[in-house]
Amino acid sequence: MKKKLLSLLLTALLTTAVLGGCGSDGTGESSGNNSSTGSSALEPAGDAAYGGSVVVGIQQDIDSLDPHKATAAGTKEILFNIFEGLVKPDKNGDLMNAVASDYTVSEDGLVYTFTLREGVKFHNGSVVTAEDVKYSLERASGLLDGTPLISSLKVLTSVDIIDEKTVQVTVGGANTELIYSFVAAIIPAGSGEDESGTPVGTGPFSFVSYTPQEGIVVKKNSDYWQKGLPYLDEVNFKIVTSTDTALLELQGGSIDIYPYLTDSQANELQGSFQILSAPSAVVQALYLNNADPLLSDVRIRQAICYALDKDAVNDFLAGGNATIISTGMLPTLQSYYVDLNDVYGTGANIDKAKELMADAGYPDGFDLEITVPSNYEYHMQTAEVVVEQLKSAGINAVIRPVEWNAWLEDCYNGRKYQSTISGLTSDATPGYMMNRFQKESKKNFINFDNAEYDEVYVKAAAAMDPEEKAGYYKQLQQILCDEAGSAFIQVPAITIALNPKLGGYTFYPVYVQDMSTVYYAE
Amino acid sequence: MRKPGSGKWNKYLTAGLIMTGIALLLGILGLFWTPYSTTAMSASEKFDAPSLRHIFGTDNFGRDIFSRVMKGLSTTIVIGSLVVAFSASAGILLGALTGYFGGLVDEIVMRVTDAVNGFPSILLALVLISLLGNGRQNVILALGIVFIPSYVRIVRSEFIRLRDADYIGRARLMGVCRIRILFVHILPNIFSVFWVSVMIGFNNAILAESGMSYLGIGVQPPDASLGKMLSDAQGYLQNAPWYALAPGLTIVWVVLGFSLFSEGIRRRV
């Protein structure tokens, strides 16, 4: 009889263990890991060594391997290792020459002359020629077949080959920020449609294989023009859609680098991993579809902004490390950013929110659906906090979790949503984020519609004087904030876990994972 | 408790009754009242260890875990009951018809249930969820469908056993209509076997629901559910073990309670 009872107990325990199984397994392994590395200093001591391979955990699948067609930030951050443009961003947010060794811009800002660097080779072994540059720029700008693949380049009117090593680009309108668009990848002439299957570029790593849902493998480009780079022989970008799984994989040793830790995960890994932190280039917001019948009322949008307690979000999710914002510009772009946190305050102002709602005809609150890409634990948890905050203003918000692809399809491209919590990545130009809120912009997924904004944007883009330009951008931010285009929340800190044996990880103000400088310390 | 004093079966039944009683009480209470709000967050109370104020501690948002366990328990019990009600009624209907009449329909239904049984139940439920979409109703529907075959089999075999019994033959001779024979003459006689399978089915439904919420496709946040709590807690195992222990042990408690209860019933009859 006792046996029976015991067996019953066991069955019950076992069946439940199935649920918690993965959890306990992973941590079991991790404690073993801790003891081997935990006591040593976490900064790698030795010099940089060549060779070795690392596994980098990434959060989502690739949308396209074609560098001109890829739109997802999670794709671009990887392709950064395979492709380069005439110029490329450096770690300070400035540009450095890449495929071009030098360039000049004419005084009226309409003609760009690029001199190609000697001896830059594609991964297939052939040397980059002026032909390749012409083809790449024409393809990206739509001069080739009429469809611009990179919208900021559509102002290009012609690309001319002056001589073997010189390419001249003529544009339709002057814009001092246009040079940032020449980070567009240079690919071999005529290779266009093959790029999505076998990407060939000039970057520090060359493409090896891609398996959907699994990841992408790249290997060292030994002909890379920057002598001494890269250090690693192979990098495997492994797709781990759940941060919980990623944590377990880190602890189990199957991932070496994971750049998207939550605050609590970072705490847990402290001691067994190097934990590095820097402001990200992501603008997280409760994006509001301005074309939605309810949200088209500016008072409702403002009410939502007032109801949010951004300090609490920062505290719960980022341990206070995030930067709170009220507009769509990265605070790291210091000369352009204007701090507008006073407009709605960083805490909750429920009275003001209720007042505005009553004005708009919803004194008793309303329903709001928040679509969230469920693979981003960070956004999901933010949503949980936000729902709770909105509740105190009488707004009955519900979370609708969707897959990443569905989010891209329905929310971002289809604009079929009411509101969404997500992050938009910005590059290092102030125009990048501001551009998307123009009425006609392809990227204006919140359907922001403000005539004054569009007017000022045109002026900002045309301004040649930096001071004047900054003034216009500040004006744009003010409009975006006053009109409550969306309820901007924060720029989260990016916290990465790095295998203690690795060194050389470089943070960029833009959203990229540069693996070329990463090395194993001897 | 038919034979007081013999005691052999009583222990199972008593233990089962007490354990499920407590769980049901908390679950039903959770539908109407919890000590704290299940969603109210408090930054100052993040990860408070179990204390008199919060007997199961608080989670990463400073929410009271005991309240969330209560709410999760009621969610689980409601979903479990509805799943069992759905699949058991469908099982009785299909099992009775196929068992009593046999023939081609029997053959087809049995092959279909074989096919459904061939898949792991959670996997099949996952497929259904991906077709139907997330959400509570869909979880109930998916699990309900997945669990039908087990009831069909039990009910069918009992009907086959009883359909040739003497008293059924006589009833038939007396001209009792078929529906009456099925549901008045046979059905009450298979209840002892049937209740046990309902209990087991209820356990399976609870585990399956927790499993699906754990995987993030069941009950959606901010609603509390035991499985989702387990998966949330996973990241904090080292600094807040109570967060995982509370929902985990609750599931063990409920499942063990129902197992004991059904074992008690089985031995009693």
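Residue B:20 - would you say it is touching a Phe, Trp or Tyr at 6+ places or on another chain (Cβ under 9 Å) and buried (at least 18 other Cβ atoms within 10 Å of the Cβ)? If you could, list the steps in order and put the result at the bottom.
Details: touching a Phe, Trp or Tyr at 6+ places or on another chain (Cβ under 9 Å): yes; buried (at least 18 other Cβ atoms within 10 Å of the Cβ): yes.
Yes.
Kindly establish whether residue A:160 is over 26 Å from residue A:58 (Cβ atoms), without any contact (Cβ under 8 Å) to a residue 24 or more places away in the chain and of a type in the set (D, E, K, R). Working first, answer last.
Working: over 26 Å from residue A:58 (Cβ atoms): yes; without any contact (Cβ under 8 Å) to a residue 24 or more places away in the chain: no; of a type in the set (D, E, K, R): yes.
So residue A:160 does not fit the description; no.
Kindly establish whether residue A:369 is closer than 26 Å to residue A:59 by Cα, at pLDDT below 85 and surrounded by fewer than 24 Cβ atoms within 10 Å (Cβ to Cβ).
Working: closer than 26 Å to residue A:59 by Cα: yes; at pLDDT below 85: no; surrounded by fewer than 24 Cβ atoms within 10 Å (Cβ to Cβ): yes.
Spelling it out, it is not the case that residue A:369 is closer than 26 Å to residue A:59 by Cα, at pLDDT below 85 and surrounded by fewer than 24 Cβ atoms within 10 Å (Cβ to Cβ).
All but one of (1) buried (at least 17 other Cβ atoms within 10 Å of the Cβ); (2) away from chain B (no Cβ under 14 Å); (3) at pLDDT below 90; (4) more than 30 Å from residue A:460 (Cβ to Cβ) hold for residue A:362; which doesn't?
(3)
If I ask for residues that are at the interface with chain B (Cβ under 10 Å from one of its Cβ atoms) and either touching a strand residue (DSSP E or B) at 6+ places or on another chain (Cβ under 8 Å) or aliphatic (A, V, I, L, M) (or both), which ones from segment A:315-329 would you list?
Within segment A:315-329, A:317 is the sole residue that qualifies.
What about residue A:8, is it farther than 24 Å from residue A:140 by Cβ, at pLDDT below 80 and within 14 Å of chain B (Cβ to nearest Cβ)?
yes
Specify the residue that is farthest from the other protein chains (Cβ to nearest Cβ); the eligible residues are those in segment B:188-244 that are hydroxyl-bearing (Ser, Thr, Tyr) and closer than 30 Å to residue B:168 by Cα. So that I can check it myself, show each step before the final result.
Here is the first cut: in segment B:188-244, the ones hydroxyl-bearing (Ser, Thr, Tyr) are B:192, B:197, B:210, B:213-214, B:225, B:231, B:236, B:243.
Filter once more, so that each one left must be closer than 30 Å to residue B:168 by Cα: B:192, B:197.
Values: B:192: 19, B:197: 16 Å.
So the residue we want is B:192.
Test of understanding: among A:478, A:490, which residue is modelled with pLDDT of 85 or more and surrounded by 21 or more Cβ atoms within 10 Å (Cβ to Cβ)? First the steps, then the outcome.
Values: A:478 fails: surrounded by 21 or more Cβ atoms within 10 Å (Cβ to Cβ).
A:490 is the lone residue from the list that is modelled with pLDDT of 85 or more and surrounded by 21 or more Cβ atoms within 10 Å (Cβ to Cβ).
Please list, ordered by first then second residue, the pairs with beta carbon atoms under 7 Å, 6 or more apart or interchain, first in segment A:385-397 and of a type in the set (Ser, Thr, Tyr), second in a helix (DSSP H, G or I) and surrounded by fewer than 20 Cβ atoms within 10 Å (Cβ to Cβ).
A:392/A:350
Which of the helices (runs of 4 or more DSSP H) found entirely inside segment B:157-269 contain at least 2 residues meeting this: in contact (Cβ under 8 Å) with a residue 40 or more places away in the chain?
On the way: elements: B:166-173, B:191-214, B:226-233, B:241-268.
Answer list for segment B:157-269: B:191-214, B:226-233, B:241-268.
Can you confirm whether segment A:29-49 contains a residue that is at pLDDT 85 or above, more than 14 Å from chain B (Cβ to nearest Cβ) and out of contact with any strand residue (DSSP E or B) (no Cβ under 7 Å at 6 or more places or on another chain)?
No; the residues of segment A:29-49 include none that is at pLDDT 85 or above, more than 14 Å from chain B (Cβ to nearest Cβ) and out of contact with any strand residue (DSSP E or B) (no Cβ under 7 Å at 6 or more places or on another chain).
Being surrounded by 17 or more Cβ atoms within 10 Å (Cβ to Cβ), hydroxyl-bearing (Ser, Thr, Tyr) and without any contact (Cβ under 8 Å) to a residue 60 or more places away in the chain narrows it down to one of A:376, A:417, A:457, so name that one.
Working: A:376 fails: without any contact (Cβ under 8 Å) to a residue 60 or more places away in the chain; A:417 fails: without any contact (Cβ under 8 Å) to a residue 60 or more places away in the chain.
Of the residues listed, the single one that is surrounded by 17 or more Cβ atoms within 10 Å (Cβ to Cβ), hydroxyl-bearing (Ser, Thr, Tyr) and without any contact (Cβ under 8 Å) to a residue 60 or more places away in the chain is A:457.
Just checking, which of A:327, A:323 is under 21 Å from residue A:262 (Cβ atoms) and β-branched (Val, Ile, Thr)? Talk me through it step by step, then tell me what you get.
Working: A:327 fails: under 21 Å from residue A:262 (Cβ atoms).
Exactly one of A:327, A:323 is under 21 Å from residue A:262 (Cβ atoms) and β-branched (Val, Ile, Thr), namely A:323.
Any residue in segment A:276-286 that is outside any strand (DSSP E or B), under 18 Å from residue A:380 (Cβ atoms) and of a type in the set (S, T, N, Q)?
From segment A:276-286, those outside any strand (DSSP E or B) are A:280-281; that's our starting set.
Those left that are additionally under 18 Å from residue A:380 (Cβ atoms): A:280.
The next check asks that each one be of a type in the set (S, T, N, Q); those that pass are A:280.
Yes, there is a match, as at least one residue in segment A:276-286 is outside any strand (DSSP E or B), under 18 Å from residue A:380 (Cβ atoms) and of a type in the set (S, T, N, Q).
Would you mind stating whether residue A:425 is surrounded by fewer than 20 Cβ atoms within 10 Å (Cβ to Cβ), more than 11 Å from chain B (Cβ to nearest Cβ) and β-branched (Val, Ile, Thr)? Working first, answer last.
Values: surrounded by fewer than 20 Cβ atoms within 10 Å (Cβ to Cβ): yes; more than 11 Å from chain B (Cβ to nearest Cβ): yes; β-branched (Val, Ile, Thr): yes.
Yes, satisfied.
Checking the structure you have, find out if any residue of segment B:67-81 is at pLDDT below 85 and more than 30 Å from residue B:43 (Cβ to Cβ).
Here is the first cut: in segment B:67-81, the residues at pLDDT below 85 are none.
Looking through segment B:67-81, none of the residues is at pLDDT below 85 and more than 30 Å from residue B:43 (Cβ to Cβ).
I'd like the full set of residues that are within 11 Å of chain B (Cβ to nearest Cβ) and either of a type in the set (A, V, I, L, M) or assigned to a strand (DSSP E or B) (or both), limited to segment A:257-275.
A:261, A:266, A:269, A:270
Of the numbered conditions (1) out of contact with any helix residue (DSSP H, G or I) (no Cβ under 6 Å at 6 or more places or on another chain); (2) within 14 Å of chain A (Cβ to nearest Cβ); (3) charged (D, E, K, R), residue B:59 satisfies every one except a single condition; which is it?
(1)
Kindly provide the set of residues from segment A:299-342 that are among the aromatic types (Phe, Trp, Tyr), assigned to a loop (DSSP other than H, G, I, E, B) and crowded, with 23+ Cβ neighbours inside 10 Å, ordered by number.
The first filter runs over segment A:299-342 and keeps only residues among the aromatic types (Phe, Trp, Tyr), leaving A:306, A:316, A:336-337.
Of the ones still in play, those that are also assigned to a loop (DSSP other than H, G, I, E, B) are A:336-337.
If the condition is that a residue be among the aromatic types (Phe, Trp, Tyr), assigned to a loop (DSSP other than H, G, I, E, B) and crowded, with 23+ Cβ neighbours inside 10 Å, then A:336 is the only one that fits.
Hey, can you tell me all the residues within segment A:349-388 that are more than 25 Å from residue B:38 (Cβ to Cβ) and of a type in the set (Ser, Thr, Tyr)?
Of everything in segment A:349-388, just one residue is more than 25 Å from residue B:38 (Cβ to Cβ) and of a type in the set (Ser, Thr, Tyr), namely A:362.
The values are calculated or read from the model by the stated rules, or taken from the named source; none is laboratory data. Since we're looking at a predicted model, the values are computed, not measured. Cβ atoms come from the backbone with ideal geometry, glycine included; neighbour counts cover every protein chain shown.
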